[in-house]
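Here's the structure we're looking at; comments come further down.
FYI, it's all coordinate maths here, none of it is from the lab. Quick caveat, the model's predicted, so the values are computed rather than measured. Methodologically, a virtual Cβ is constructed for each residue, glycine included, from the backbone with ideal geometry; neighbour enumeration extends over all protein chains shown.
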Amino acid sequence: MARGDTPMTRWLLNGQEVENPTGMTIMEAAREHGVDIPDFCYHPGLSIAGNCRICMVESNRSPKPIIACSERIADGLEIKTDSDVAVEARNSVMEFQLINHPLDCPVCDKSGECILQDHSYTHGPDRSRFVEDKNIRHTKELGPTISIWGNRCIVCTRCVRFCDEISGTGELCVVERGDRAVVDVFPGIPIDNAMAGNTVDICPVGALISEDFKFEARVWNMDRRDSVCGGCARGCNIEVETLDGYVKRLLPRENLEVNDWWMCDHGRYGWRHLYSENRLTTARTANQELEDDSATSTLADFVSRAKKVAFLIDPFLTCEELSLIHGLSSSIPDSIVGGWLPPKGTAEQFPSGFTISSAKHPNRRGAEKIFGSKVFGKDGKDLLKALDSRKVSTLIAFCGGPAEEGPGSSWSEAIRKARKRIVFSVMDGDWLKGASLVVPATAPLEKEGTWINEDGRLQRARSCWKPGDEPFCPELVRLQQVQMACEIRTRCLSAAGVFRELAENIKAFSQHSHSDLGDGGLPLSRRRARVDSKGGTR
Amino acid sequence: MANHDDASEKQDETRTGTTEPRKKASFALPVIKGLANTLAHVLRREPNTIHYPEEKRTPYPGYRGEHRLKRDELGREKCTACFLCATACPAFCIEIVAEEAPWDDREKRPRIFNIDMMRCIYCGMCEEACPCDAIELTPIYNIPSRTRGEKIYDKEKLLSL
């Protein structure tokens, strides 16, 4: 168990001698050995408060049980997590926590993922001796997206510490004392920082409720997929929760290399356009709507007969889709490729180190790796010029962003000058009028593939769609079908298969594969140790 | 039977020497009893069948027929859209969409509450799961319809039963 030069402490956990790095808390150390100590107020990303007392364990150094979240391990320390004293202590704390907690689990949005529910089931007594009336505390809006249901609050102060330490905005505080204590905001200062949504996630009970998700679904009915947020170049790791194939909410997923435990509200609530009225879901030519299959064959027809083709790519496309576009463009002689970038947004940096990127797109780095670093710069300008001088006869444009006006004014004008234009777009808008072929495109959250974030980390995004229940053919498949029609491909592959081809063709990706990336992704320049030993490093 | 005492069995065998053949069972008496029962039914005056559409049988207590949603003393639906019935349902025939309740004492109520009676297996699990005593299975058993669509009961229909 020796970890380099880290000094180690030997201590006794439930009668077994164990070793952990010196300075660890009992709770963290015990969890390393697979012993779970329950918690409410403890969160690995926040400071230690030690106010919920559920993590009490028996120690040989103290006449009373001690709290495992704040006490640190020491040589010769003997901790029992399941002795009579510890069990009794936990039992009493649970009974105490439940004194004023209402039994409204059936209407509470947290139920099913509530830590209080879980601990009550595992550690709590099966009945309460409390006969007095329960306290009533306030239910009110704390900000535009968050409400508090005070009766449910157990005053763990996770949310208060989050606002103090992580977002650094300090809107929340605990008001009143004793059993009337409850979380509140200062008068006239609502909680509206860009990370506020995280307070709902870290609330161990259903006290903080997201207005966006309120009464939307019960959590046990939803499907979860690990994915990556496409809202900015940061690429926060997220969990996408869907009900019947429709996104219901996004939650952050722990990745200490990228986003710790958090995500920003822009990403969290930035999926509503997927189901807006102006979402493009059917393909159409200039004068008629098309079935999904005939859209693909029409597209293949255009591509195979085209001369002087230009491709306009966007930074929302995955590396796999870009690889397919690369395959198509290199099979057509004299084709040119340029890229457009959405306008810059505001960047934000929080005291904890969490950053929101000003680049509001997920995969600029990936496109630059595949098409060269000038694809959004000089190549883009060249393409714009070529369009302006009407040198392009067929343009295939991609617009995966949430904006209805497409790639923006200068591009929209230029695109109109192409004789035939084929547009893959997420949203329907005026700029699509007169296009020879409009094809519905997948938005971030619907794409299956990989993105490279601004730090050069290759991460896997997964589609929220139910397999076999896709509303339309995703580009990943459609582009392969077009390649098959153009006879430069023999069979249709999955995202992992396309990535394998990409790794063969483009040096930057050669060390990676989908299975290698795991849940948290890898820096593009580095690969796993396992692979290192086989083939050497670059 | 697994814990049969082998030692005592052996002792029995040694005492009797051989295992005796089992006594032949006499079926005569039960057969006569059964025939007597049949005869009694044959000779009974009133018939067992009823003239169904005109006459209706009263179901036994606990009979599980069509569902209904109950109302509270103010006439509002009792259901709080907690989805426990839909969760308990083994046939996945309950569809609920929740909305915010307009009343002060209640937070949530169903905007849509559909039961697909064609899919329902009338097991009564929904009734058992309900924490608000809002859904129950009535003794109504004559439930034909002309179309399948009619058998998907919405909230209004369930409340009116």
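Observations
- Stokes-Einstein D for segment A:8-97, Kirkwood Rh over Cα pairs, 10 °C, 1.306 mPa s (µm²/s): 122 µm²/s
- Dividing the summed helix terms, -39500 (n - 2.57) for each DSSP H run of n ≥ 4, by the number of residues in chain A produces a 222 nm estimate of -6500 deg cm²/dmol to the nearest 500.
- The residue among B:ILE115, B:ILE135, B:MET125 whose Cα reaches farthest toward the positive pole of the charge dipole of segment B:67-160, with charges on the beta-carbon of Lys, Arg, Asp and Glu, is B:ILE115.
- Eligible aspartates and glutamates near A:LYS344 by straight Cα distance, threshold 16 Å, same-chain separation 8 or greater: A:ASP314, A:GLU405, A:GLU454
- Taken about its Cα centre, the protein assembly as shown carries a charge dipole of about 2240 debye when Lys and Arg each add +1 at the Cβ and Asp and Glu each add -1 at the Cβ.
- Here the Kirkwood formula, the inverse mean of 1/r across different C-alpha pairs, assigns the protein assembly as shown a hydrodynamic radius of 30.8 Å.
- Segment A:276-535: mean projected area of Cα convex hull, nm²: 14.9 nm²
- Taken about its Cα centre, segment B:59-157 carries a charge dipole of roughly 420 debye when the Cβ of each Lys and Arg holds +1 and the Cβ of each Asp and Glu holds -1.
- Whole-Å distance, taken between Cα centres, linking segment B:24-86 and segment B:110-161: 20 Å
- Principal axis analysis of the Cα atoms in segment A:98-221 yields extents of 40, 37, 22 Å, listed in decreasing size.
- Most fluctuating residue given options B:ARG111, B:ARG71, B:ARG45, as computed from a GNM of chain B linking Cα atoms under 10 Å: B:ARG45
- With both residues required to sit in segment A:276-535, DSSP beta bridges show an antiparallel share near 40%.
- Legend: Rg and Dmax of segment B:57-161, from Cα coordinates, 13.6, 44 Å.
- Relative to the longest principal axis of the Cα atoms of chain A, helix A:319-331 runs at roughly 10 degrees.
- B:MET118, A:MET27 arranged by Cβ crowding within 10 Å, fewest neighbours leading: B:MET118, A:MET27
- Distance from the alpha carbon centroid of segment A:163-217 to that of segment A:77-95 works out to 30 angstrom.
- Over chain B, Cα pairs under 8 Å with separation of 6+ residues give a relative contact order of 24 percent.
- Inter-chain Cβ neighbour average for residues B:98-104, partner chain, 10 Å: 2
- Shielding of peptide A:103-111 by partners, expressed as the average count of other chain Cβ atoms within 10 Å per residue Cβ, is 4.
- For chain A, share of DSSP beta bridges that run antiparallel, in % to the nearest 5: 70 percent
- Each label point was placed 7 Å from the Cα along the Cα-to-Cβ direction; for B:ARG57 and A:ASP179 their separation is 5.6 nm.
- Axis of helix B:6-16 versus longest Cα principal axis of chain B: the two differ by about 30°, to the nearest ten degrees.
- Shape annotation for segment A:394-538: C-alpha extents along the principal axes are 56, 34, 30 Å, from largest to smallest.
- The mean number of partner chain beta-carbon atoms within 10 angstrom of a residue's beta-carbon across peptide A:217-224 is 2.
- Between B:ILE140 and B:ARG45, the C-beta separation translates, for a Förster distance of 35 Å, into a calculated FRET efficiency of about 0.65.
- Around the Cα centre of segment A:98-221, unit charges on the Cβ atoms of Lys, Arg, Asp and Glu (plus for the first two, minus for the last two) sum to a dipole of about 400 debye.
- Neighbour counts of C-beta atoms inside 10 Å place A:PHE186, B:PHE113, A:PHE509 in the sequence A:PHE186, A:PHE509, B:PHE113, starting with the fewest.
- Counting only lysines at least 8 places from A:LYS110 when in the same chain, those with an alpha carbon closer than 23 Å to its own are A:LYS134, A:LYS140, A:LYS214, A:LYS248, B:LYS78, B:LYS108.
- The long axis of helix A:84-97 is offset from the longest Cα principal axis of chain A by roughly 70 degrees.
- When each of the peptides B:47-56, A:300-309, B:147-156, A:330-339 is scored by how many other beta carbons lie within 10 Å of its residues on average, the order from highest to lowest is A:330-339, A:300-309, B:147-156, B:47-56.
- Pairwise centroid distance, computed over Cα atoms, of segment A:221-279 with segment A:474-489, Å: 29 Å
- Residues A:PHE215, A:PHE40, sorted so that the one with the fewest Cβ neighbours within 10 Å comes first: A:PHE215, A:PHE40
- Straight-distance crosslink candidates among aspartates and glutamates, where the alpha carbon sits under 12 Å from A:LYS374 and sequence neighbours closer than 8 are dropped: A:ASP382
- Mean Cβ neighbour count within 10 Å, used as a protection proxy, ranking A:273-281, A:47-55 highest first: A:47-55, A:273-281
- Cβ-derived FRET efficiency at R0 35 Å, A:GLU277 paired with A:GLU501, nearest 0.05: 0.40
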